[in-house]
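One structure below.
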Amino acid sequence: MELRYLRYFVAVAQTQHFTRAAEMLGMSQPPLSQQIRRLEQEVGTPLFHRLTRGVTLTEAGEAFYEDACHILAMSDAALEKAKGIARGINGKLNLGVTSSNAFHTHFFSVLRQFQRDYPKVALYQKEDNMATLIHGLDEGLIDVAFVRLPCESSKTFSLKLVDEEPMLIALHRTHPLSAKADIALSELQNTPLIIFPQAVSPGLYELIYNACLRAGVEMDNAHQASQFSSSLSMVAAGFGFAIIPQSMACFGHPMVTFHSVAGNTLKTDVALAWRKFERSPAVRRFIDHF
């Protein structure tokens with residue numbers, strides 16, 4: 001059964017008149033009457049009582065009318081949805097966020113603005129380490145990811161830099177250097193470093209590791225934390241010091257103080273990553289928000 005038959009039928013049912021329905025549909029009356037006859041033949045029963053001055057629905061026609069309206073509404077909704085997806089105003093986006101970026105308020109402000117501009121695009125967030133997000137991006141499990149650079153594996157994707165963030169030193173409040181605003185890494189030679197596993201973010205790990213190594217920090221005494229966030233909990237517990245992105249200073253633990261690295265020598269770039277040759281209009285619209 002063709003959808004046009006349903007549209008013809010609904011028009012006649014609503015106007016209760018073949019001529020008026022034909023005018024509304026932009027066609028002449030005889031072809032419309034023929035199409036309704038064919039529809040009734042296909043259904044196997046009359047749908048209208050033909051009267052002198054119009055038509056009324058039969059009992060079968062009333063039941064058919066409800067379903068026809070529902071089918072047409074679903075068809076129109078499906079059409080609009082498909083058009084919306086093609087324009088990037090409908091659909092869904094799977095977003096990956098590294099645990100260190102979960103504290104970056106700018107990202108979430110942009111997400112909120114995007115949601116306001118495109119309320120019919122559903123956003124699904126996944127927070128994980130860099131290695132897992134890059135793998136998910138490569139496998140098509142996520143559409144875009146907020147990553148931290150340097151990251152060698154990210155070179156296989158398109159990147160858009162969205163922020164350059166200084167790294168800070170996190171110390172226990174009772175540490176002898178906790179009153180200083182700026183601290184040189186060489187001043188922490190006798191304080192154990194707390195660092196995340198290399199597999200979590202190899203490029204960033206090497207940046208921190210090598211900077212501490214050059215400063216004479218004893219790396220054999222380093223403690224390992226599962227993520228940036230847990231490294232701050234370890235600082236609060238007195239394990240040692242950690243180097244974290246500036247946005248994570250909102251952690252706000254009463255036993256943790258934050259300090260600039262003397263000389264402002266440690267920074268990390270934050271970027272939006274997506275697959276090269278990405279065709280999704282929703283992804284392109286999202287990227288344009290940054």
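The values are calculated or read from the model by the stated rules, or taken from the named source; none is laboratory data. All values derive from a computational prediction rather than experimental measurement. In this analysis, Cβ positions are derived from the backbone assuming ideal geometry, glycine residues included, and neighbour counts consider all displayed protein chains. The accessibility values were calculated without ligands, DNA or RNA, using every heavy atom of the protein model including side chains. Shrake-Rupley method; radii C 1.70, N 1.55, O 1.52, S 1.80 Å.
Brief remarks follow.
- Some residue of the stretch 88-109 being open to solvent by less than 30 Å² (accessible area, probe 1.4 Å), part of a loop (DSSP other than H, G, I, E, B) and modelled with pLDDT of 85 or more: no
Residue-by-condition table, conditions (1) in contact with a Gly (Cβ under 7 Å, 6 or more places away or on another chain); (2) of a type outside the set (D, E, K, R):
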residue: Ala22; (1), (2): no, yes
residue: Gln29; (1), (2): no, yes
residue: Ile36; (1), (2): no, yes
residue: Val43; (1), (2): no, yes
residue: Leu47; (1), (2): yes, yes
residue: Arg50; (1), (2): no, no
residue: Val55; (1), (2): no, yes
residue: Glu59; (1), (2): no, no
residue: Phe64; (1), (2): no, yes
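- So Val235, is it open to solvent by less than 20 Å² (accessible area, probe 1.4 Å), of a type outside the set (D, E, K, R), assigned to a helix (DSSP H, G or I) and closer than 26 Å to Ala181 by Cβ: yes
- Selected residue (criterion: farthest from Leu188 (Cα to Cα)) from residues of the stretch 215-229 that are touching a residue at least 12 places away in the same chain (Cβ under 8 Å) and not in a loop (DSSP other than H, G, I, E, B): Ser229
- Here Phe277, Phe251 are screened, and the one residue that is under 20 Å from His104 (Cα atoms) and open to solvent by 50 Å² or more (accessible area, probe 1.4 Å) is Phe251.
- Screening Phe18 on (1) open to solvent by 30 Å² or more (accessible area, probe 1.4 Å); (2) over 20 Å from Asp67 (Cα atoms) shows it passes everything except condition (1).
- Of the set (1) touching a helix residue (DSSP H, G or I) at 6+ places or on another chain (Cβ under 9 Å); (2) open to solvent by 40 Å² or more (accessible area, probe 1.4 Å); (3) not assigned by the TED database to the domain that holds Thr132, all apply to Val256 but (2).
- Subset of the stretch 24-77 (residues that are among the β-branched types (Val, Ile, Thr) and surrounded by fewer than 17 Cβ atoms within 10 Å (Cβ to Cβ)): Val43, Thr45, Thr52, Thr56, Thr58, Ile71
- Members of the stretch 259-274 found to be open to solvent by less than 10 Å² (accessible area, probe 1.4 Å), out of contact with any Pro (no Cβ under 7 Å at 6 or more places or on another chain) and closer than 20 Å to Val110 by Cβ, listed by number: Val270, Ala271, Leu272, Ala273
- For the stretch 114-126, the set of residues classified as in contact with a Leu (Cβ under 9 Å, 6 or more places away or on another chain), touching a residue at least 12 places away in the same chain (Cβ under 8 Å) and open to solvent by 10 Å² or more (accessible area, probe 1.4 Å) consists of Ala122, Leu123, Tyr124, Gln125, Lys126, listed by residue number.
- Cβ-Cβ under 7 Å pairs, at least 6 apart or on other chains, the stretch 196-210 side in the same structural domain as Leu185 (by the TED database), far side outside any loop (DSSP other than H, G, I, E, B) and of a type in the set (Ser, Thr, Tyr): Phe196/Tyr205; Phe196/Ser231; Gln198/Tyr205; Leu204/Thr268
- Selection from the stretch 185-214 of residues that are over 26 Å from His104 (Cβ atoms) and either in a strand (DSSP E or B) or of a type in the set (A, V, I, L, M, F, W, C) (or both): Leu213
- Within the stretch 1-15, being loosely packed, with under 15 Cβ neighbours inside 10 Å and among the polar types (S, T, N, Q) holds for one residue alone: Gln14.
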